[in-house]
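The values are calculated or read from the model by the stated rules, or taken from the named source; none is laboratory data. Only a predicted model underlies this, so the values are computations on that prediction, with no experimental measurement involved. Heads up, the Cβs are rebuilt from the backbone with ideal geometry, glycines too, and the neighbour counts pull from every protein chain shown.
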Amino acid sequence: MIRDNDVSRSLHEQLSLLIAETESGEQLPSEPKLAINLGVSRASLREAMRTFETRGLLQRKQGVGTFVIHPTGVFDTSLENLNSLETIADQLGLDVSMGDLQVTRRIVDLEMSEILELPENEEILQVSRVILAENRPVAYLEDNLPIDVISEEKVRKDFTGSVLDMLIKRDDVPLASSKCEISAIGAKRNIATALDIQRHDPLLVFSSLLYSTRGRIIDSSFSYFLPGYFHFHIVRRIGESLT
C-alpha cells in the first residue's frame, strides 16, 4: 500500500525536477494537464505547488497560468539593525526599484489614532508602494505618519522608496528605535493585486512602530514580503533572563 507521505514526497520530487528543467519565465502546463501527467489529483498538485510558490520558485497569474521563477538575488539580512530595503539591496549588490507609489492624506481611523496617539479625525499621510527586484514585485510597503512629521509635498518631490531613509537624513526628527511584530498571513485582495499573486497566498508581514528619541511614535508601518526572496535571521543569546 502506498502511503500518503510517499505520494507527497514523490510529487515534490517530480515538481522540483520539472522546475529545475524549466527556464525562468516559462509557463507550466495547465493544472488539469499537469495533474494527469504526474498522476495525482488537482488538490494534491495545488497543495504541492503552493510550497514552491512560498519558496519563490513559482508564480501564479490569475486567468493566465503558473510560471517558473529562478530568483538570482535574495535579501539575506540580519534583523538586529533597522535598515531600509534600499540600503540592504545596496549592501548586497541587488538591483531594486520602486513600482506603484500612492501618497494619500486621509482621516485617521480609531485603530490608527490609538497607535499614533492622535485625536480622532486628525489627518495622517499614508505612503504605499511596491518594491521590485529583477523587475518582479517582491514587497509591498505602507507607512502611516502624522502630517507634522513629513509633508505630502516633500514625499512627492524627493521620495525614492524609503520613508526611513528620508527621516534618517533629517536633523529635526531624531530616531531612537523600532518595535516590530512578525507574522505570516494570507494576502488580502489589494496586496495580492499589487504583488501580482493570488489572494490568500502566504506573505511575511512586519508590523512596526518607529519611535523618536522623545518616545513619540512617528510612523506605523506594514511591510509585506514575498517568501523566497527574503532570508531574515537574528542572533539569539542563550540563558538570559526575560525580566
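Brief remarks on what is shown
- Those residues of the range 154-173 which are in contact (Cβ under 8 Å) with a residue 40 or more places away in the chain and surrounded by fewer than 17 Cβ atoms within 10 Å (Cβ to Cβ), in sequence order: Arg156, Thr160, Asp165
- Residue tally, condition over 26 Å from the mean Cα position of the chain (by Cα), surrounded by 14 or more Cβ atoms within 10 Å (Cβ to Cβ) and part of a loop (DSSP other than H, G, I, E, B), over the range 15-54: 2
- There is no residue in the range 210-222 that is in contact (Cβ under 8 Å) with a residue 24 or more places away in the chain and touching a Lys or Arg at 6+ places or on another chain (Cβ under 6 Å).
- Qualifying residues in the range 115-143 (those that are in contact (Cβ under 8 Å) with a residue 60 or more places away in the chain and β-branched (Val, Ile, Thr)) - the one nearest to Leu57 (Cα to Cα): Val138
- Comparison of Ser151, Ser113, Ser97, Ser178 shows that the only residue that is under 17 Å from Val205 (Cα atoms), surrounded by fewer than 18 Cβ atoms within 10 Å (Cβ to Cβ), assigned by TED's automatic domain parsing to the domain that holds Leu203 and of a type in the set (Gly, Ala, Ser) is Ser178.
- Among the residues of the range 157-174, those that are in contact with a strand residue (DSSP E or B) (Cβ under 9 Å, 6 or more places away or on another chain) and among the aliphatic types (A, V, I, L, M) comprise Val163, Leu164, Leu167, Ile168, Val173.
- In summary, helices (runs of 4 or more DSSP H) completely within the range 152-229 and bearing 2 or more residues that are under 22 Å from Ser78 (Cα atoms) and either among the β-branched types (Val, Ile, Thr) or at pLDDT 95 or above (or both) occur at 163-168.
- Sole exception among (1) surrounded by 16 or more Cβ atoms within 10 Å (Cβ to Cβ); (2) within 21 Å of the chain's Cα centre (by Cα); (3) farther than 15 Å from Ser208 by Cβ for Lys188, by number: (1)
- Hits in the range 43-92 (condition: aromatic (Phe, Trp, Tyr) and touching a residue at least 40 places away in the same chain (Cβ under 8 Å)): Phe67, Phe75
- The criterion of being under 21 Å from Tyr229 (Cβ atoms), assigned to a loop (DSSP other than H, G, I, E, B) and not assigned by TED's automatic domain parsing to the domain that holds Phe206 does not hold for Gly63.
- Residue in the range 104-117 that is under 22 Å from Arg214 (Cα atoms) and assigned to a loop (DSSP other than H, G, I, E, B) present: yes
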